[in-house]
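Working notes, structure below.
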Amino acid sequence: MRRESRSWIWNPKAECMSDDERAKVQSERLINCVNRMYEHVPYYRKRMEEKGVEPGDIKSIADLPKLPFSDKFDFRDNYPFGTLAVPRTELVRVHASSGTTGKMKVVGYTANDVELWNEVLCRAMARAGVQKGDLVHIAYGYGLFTGGLGPHFACAKLGAVAIPVSGGNTARQIQILREWKPEVIMCTPTYALHIADQLQEAGIDKSELNLKTGIFGAEAWTTEMRDQIEERLNLRAFDIYGLTEVCGPGVGCCCDQSDLIHIESDHFIPEIVDPETGETLPEGQLGELVFSSVSKEGVPLLRYNTHDLTRIYYGKCACGRTSPRIEKVTGRADDMMIIRGVNVFPSQIEAVLLAHSEVEPHYLIYLDRVNNLDRVTVKVEMNPSFFSDSIRAIEATERMLEGEIASMTGIHAKIKLVEPRSLPRSEGKMKRVIDERFKK
Ligand code: DLL
């Protein structure tokens with residue numbers, strides 16, 4: 001039984017508008033954004049010229065596929081402020097995220113951008129059941145990362161009380177959870193599980209806490225993991241999605257009807273494209289998620305490829321909202337492991353592991369190469385009660401998990417059950433894959 005939901009709708013006008021109304025709003029904002037980008041952002045103007053598109057060619061949302069894509073390399077090549085569409089002096093804040101390209105992706109916000117971010121976060125938090133007056137324990141990192149300061153300021157707009165704990169110092173987190181009794185916690189799903197472990201270790205029962213809602217995101221997680229977090233912290237868990245380049249958390253969040261994530265598409269227009277051809281894919285097909293953040297002033301983006309893999313669904317949701325929904329993001333196209341030619345996602349392995357009570361949701365995937373062949377080893381922690389079991393039972397579990405992973409993914413992964421609490425923990429995003437294959 002899942003805990004009852006406290007969900008409500010922050011902005012019915014924006015979240016429940018008809019398809020025609022949405023298309024009208026999106027078209028107006030898109031046209032305006034294309035003009036601003038063409039005028040003020042040299043990299044994008046060049047891209048449009050190369051493709052032979054002019055602002056006048058974009059007359060409505062239907063023309064979106066005519067526009068060129070943008071990508072994380074545009075942030076690298078225009079580091080730090082070359083992606084701005086306004087003078088730098090008009091910014092009120094800057095955030096950044098580290099990229100796989102080595103250079104940070106720097107994103108500037110005007111006062112209106114911060115206000116827009118607060119608005120979409122209020123939609124997400126209300127959807128997740130945050131009420132006016134609630135204490136919101138924010139254990140996402142504060143700083144350049146958007147997870148801390150974004151929700152922090154949005155709490156004031158919603159009328160909730162932010163507790164700016166930031167990440168780390170888990171003992172103090174637990175003290176606050178137990179003594180101040182916040183109703184809401186926001187952190188990465190892996191950190192939520194770490195907190196649950198620490199509570200258990202300290203012999204603190206979940207009934208001593210007062211958590212009702214958890215808003216988790218910033219990394220891929222499965223429904224199995226959601227169930228564990230809900231059970232262990234006695235709360236209702238919601239999936240919040242976002243990326244720094246588009247604003248941070250709050251690009252979308254699931255409602256209480258399903259795990260699908262409603263996208264705030266009046267501001268962030270989503271598309272799903274074929275990773276090979278760039279063609280826009282129809283509803284329900286797996287592809288890369290692309291956003292046009294048409295209302296942003298500081299760093300607006302047109303057709304920015306997130307490389308996150310998901311599917312999109314349209315139509316009215318049982319919650320009453322009409323905004324398009326994406327499936328839980330299961331991985332990034334560039335997170336994908338190619339093992340002996342087979343595409344495998346860490347989330348596939350996680351789904352198998354979490355279906356078994358003998359193991360805990362703490363695991364690491366090691367990739368190396370022996371005699372030019374890829375080898376996969378998954379270290380996963382045993383459940384403390386199973387840990388005391390016989391070697392034979394442990395080995396049998398290892399073989400059983402190997403069999404299930406093989407039938408799920410088509411690859412052989414060696415499973416090593418390790419002692420409880422022996423793998424490193426993360427206070428932010430968890431790095432699950434250690435790839436040694438290309439090291440000399
Ligand atoms: O992770 C923003 C955020 C903070 C989202 C707090 C949610 C909560 P970045 O550091 O720029 O921004 O990383 C963005 O993280 O492209 C996805 O690959 C991944 N990601 C974010 N949210 C989810 C989620 C923040 N709910 C990248 N599920 C994105 C799966 C997610 N992956």
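The values are calculated or read from the model by the stated rules, or taken from the named source; none is laboratory data. The structure presented is a predicted model; accordingly, all values stated were derived computationally and were not measured. Neighbour counts are summed over all protein chains in view; Cβ atoms, including those assigned to glycine, are modelled from backbone coordinates with ideal geometry. Accessible surface areas use protein heavy atoms only, side chains included; no ligands, DNA or RNA. Shrake-Rupley method; radii C 1.70, N 1.55, O 1.52, S 1.80 Å.
Of note:
- When the P(r) of segment 246-369 is calculated, the portion above 23 Å amounts to 42% of the C-alpha pairs.
- For segment 272-277, 3J(HN,Hα) per residue [Karplus equation, 6.51 cos²θ - 1.76 cosθ + 1.60, θ = phi - 60°, Hz, x = Gly/Pro]: 10, 10, 5, x, 7, 9
- Across all C-alpha atoms in segment 337-435, the radius of gyration and Dmax reach 13.3, 39 Å.
- The chain: proportion of alpha-carbon pairs further apart than 38 angstrom, %: 24
- Centre-to-centre separation between the Cα atoms of segment 228-274 and those of segment 327-390: 24 Å.
- Between helix 170-179 and the chain: long-axis angle, C-alpha atoms, 0 to 90°, nearest 10: 90
- Pairs over the 32 Å Cα-Cα cut-off, from the set 24/46; 51/316; 66/296; 206/416; 206/431; 72/414: 51/316; 72/414.
- Put a dot 7 Å past the Cα of residue 144, heading toward its Cβ, do the same for residue 89, and the two dots end up 2.6 nm apart.
- FRET efficiency for residue 20 and residue 112, using Cβ-Cβ distance with R0 set to 22 Å, rounded to 0.05: 0.25
- In order through segment 115-129: 3J(HN,Hα) via Karplus (6.51 cos²θ - 1.76 cosθ + 1.60), integer Hz, x for Gly, Pro: 5, 4, 5, 4, 4, 5, 5, 4, 4, 5, 5, 5, 4, 7, x
- Fraction of accessible area attributable to carbon and sulfur, the chain (%, probe 1.4 Å): 51
- Each Cα pair under 8 Å and six or more residues apart adds its sequence gap; the mean of these over the residue count of the chain is a relative contact order of 14 percent.
- Whole-Hz ³J(HN,Hα) from phi, Karplus 6.51 cos²θ - 1.76 cosθ + 1.60, for segment 186-199, glycine and proline x: 10, 6, 6, x, 5, 6, 4, 5, 4, 4, 4, 4, 5, 4
- When the chain is described by a simple charge dipole with +1 on each Lys and Arg Cβ and -1 on each Asp and Glu Cβ, the residue from 139, 10, 210 located farthest towards its positive end is 139.
- All distinct Cα pairs of segment 1-111 go into the 1/r average, and the inverse of that average, the Kirkwood radius, is 16.8 Å.
- Choice from 56, 287, 252 with maximal GNM fluctuation in the chain (Cα, 10 Å cutoff): 56
- Amide H contacts of residue 433 (H built 1.01 Å from N, in plane; Pro and chain starts excluded): 365 sit under 5 Å, all sequence-distant by 5 or more or on other chains.
- For residue 362, residues with placed amide H under 5 Å, excluding near neighbours: 381
- Based on Cα contacts under 8 Å between residues 6+ apart, segment 337-435 shows a relative contact order of 33 percent.
- Stretching residue 396 away from residue 32 to a fully extended chain increases their span by 124.8 nm, per 0.36 nm per residue minus the current alpha-carbon distance.
- Entry comment: accessible area of the chain is 42 Å² per residue, from protein heavy atoms only and a probe of 1.4 Å.
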